[in-house]
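What follows is a short report on a single structure.
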Amino acid sequence: MRKKQATSSNRLPEKWFRRGLWLVAFVFAGFLIGLGGKIVGDLPQAAPYKDLQAYVNQQVYAPLQLEQTRLQSQQTQLQNVAEQNNLALQKQRNQTLSEQDSLNNWLATRSVTEQSDQNPEVIARTQKLDALKAQERKAQQQTEAVQQQQLDTEQRLAQVNTELAQLDEQAQVLKQADDRKIELRVFLYRLALTLPLLLIATYLFMKQRGSRWWPFVWGFIYFALFAFFVELVPYLPSYGGYVRYIVGIGMTLLIGRYAIVAMNRYLERKQAEEALPSSERQQQLSYDVAQLRITKAVCPSCERPTDFKNPALDFCPHCGIGLFDYCGVCQVRKNAFDHYCHKCGAVANDKL
């Protein structure tokens, strides 16, 4: 009795059916991925991140913020007053200099008596100049007073900003610790969702990938792989890279172990098959499997490269299985796995 093996048929309609079913598998996987993405996208809402202000001591922070706002407003007002005072001081200085120059020119061009200091006009001009200088000193004092207020405000504002920055740094430390907890919680939610999918996909791959419902099986497998590598792995907590490296090592060990076990099973199966007689091995090979491997120029049994174009080749030089025989009716050399003779159409001897 022939052993059934899943393979691609050489029938054209079946090839197109398979292509259509692969399309069904991808479409099915696409819808599952979309649904999974919606679910995973809503997971962060279960543990939302908090704003930095939630970790600040508001009893200390709020008064400092109010004072900061007041000092900034006061600083702006003082800047405007300082600009006005500077302009008034400069104007007063110009007026004093002008009056001084006028007095000096007037004294230089007139004839004065020995009692010129008692001249009423000289006295009046001198008194006017003294009044202008007094106004200039007053404007200078006002400007200096505003500058002192600006300096005091600037120093206090710098102190308030420093205290606020310290509170922000303390809050940032608390936020980072809480964010790591939330990140881990969200990751565990993702893991709880994707790990069962991956386990189910592993079971389906090992047990059901060749079943009649294989398009849905493969669609689910693609969905589980996408959920694992796209929705879970990029969100692995880092913790300095330790977690990701450990997970990577674990995945490599699991995949490597599966590959090694599969390779050893394959080699053991091939060794067991090669120990069987050629006729028995031919019966165990399905028609489609044999034809597919022949088209790839490999032995249908041991799958080693074989020169099928060699007219003298009747048996595999590697495992000894019969590759060509002769029709019992017309004696033409034909493929040993063909059901019918390509020359006369007679049924092969072993198919009777």
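Footprinting exposure proxy ranking of GLU268, GLU136, fewest other C-beta atoms within 10 angstrom first, gives GLU268, GLU136. Each residue in PHE228, PHE308 was given a count of other beta-carbon atoms within 10 angstrom of its own, and listing them fewest first yields PHE308, PHE228.
Spacing of the modelled spin labels on LYS296 and ARG180, each 7 Å from Cα toward Cβ, amounts to 5.0 nm. Distance from the alpha carbon centroid of the range 155-213 to that of the range 310-346 works out to 64 angstrom.
Straight-line cross-link reach from LYS175 at under 14 Å between alpha-carbon atoms covers these aspartates and glutamates, not counting any fewer than eight positions away in the same chain: ASP51, GLU183. FRET efficiency for the ILE260 to CYS330 pair, using the beta carbon distance and R₀ = 51 Å, is estimated at 0.55. Close Lys pairs in the range 216-352, defined as Cα atoms under 23 Å apart and 8 or more places apart or on different chains, number 8. Here the range 269-325 was treated as a single set of alpha-carbon atoms; its pair distances binned every 5 Å from 0 give 4, 21, 34, 28, 11, 1 percent. Counting every pair of alpha carbons in the range 178-230, the share spaced more than 14 Å apart comes to 56 percent.
Taking 27 Å as the straight-line reach from the Cα of LYS138, the lysines in range (excluding those fewer than 8 positions away in the same chain) are LYS91, LYS128. Over the chain, DSSP H runs of length four or greater, each weighted -39,500 (n - 2.57), average out per residue to a 222 nm ellipticity of -24000 deg cm²/dmol. Net length available on complete extension from ALA124 to TYR287 is 45.5 nm, with 0.36 nm assigned per residue and the Cα-Cα distance removed. Please compute the modelled spin-label separation between ALA131 and THR202, points set 7 Å along Cα→Cβ, answer in nm with one decimal. With each label placed 7 Å out from Cα toward Cβ, I get 10.2 nm.
Take the Cβ atoms of GLN75 and LEU195, set R0 to 51 Å, and the FRET efficiency comes out at 0.30.
Once the chain from ARG304 to GLN140 is taken as fully extended at 0.36 nm per residue, the excess over their C-alpha distance is 48.7 nm. By the count of neighbouring beta-carbon atoms within 10 Å, fewest first, THR76, THR96 end up ordered THR76, THR96. Per-peptide packing, taken as the mean over residues of other Cβ atoms within 10 Å, places 206-214, 186-194 in the sequence 186-194, 206-214 from highest down. To the nearest ten degrees, helix 242-274 and the longest principal axis of the Cα atoms of the chain are 10 degrees apart. With the convex hull drawn around the C-alpha atoms of the range 202-320, the volume per residue stands at 150 Å³. Rounded to the nearest 10 degrees, the angle from helix 58-109 to the longest Cα principal axis of the chain is 40 degrees. For the chain, the equivalent ellipsoid derived from the Cα gyration tensor has semi-axes of 103, 26, 17 Å, listed largest first. Between GLN166 and ASN86, the simple spin-label model (points 7 angstrom out along Cα→Cβ) gives 3.3 nm.
Its residues counted as N, the range 295-352 yields a C-alpha radius of gyration over 2.2 N^0.38 Å of 1.13.
Values quoted throughout were computed directly from the atomic coordinates according to the rules given, and no laboratory measurement underlies them. Quick caveat, the model's predicted, so the values are computed rather than measured. Virtual Cβ from ideal backbone geometry, glycine too; neighbours counted across all protein chains shown.
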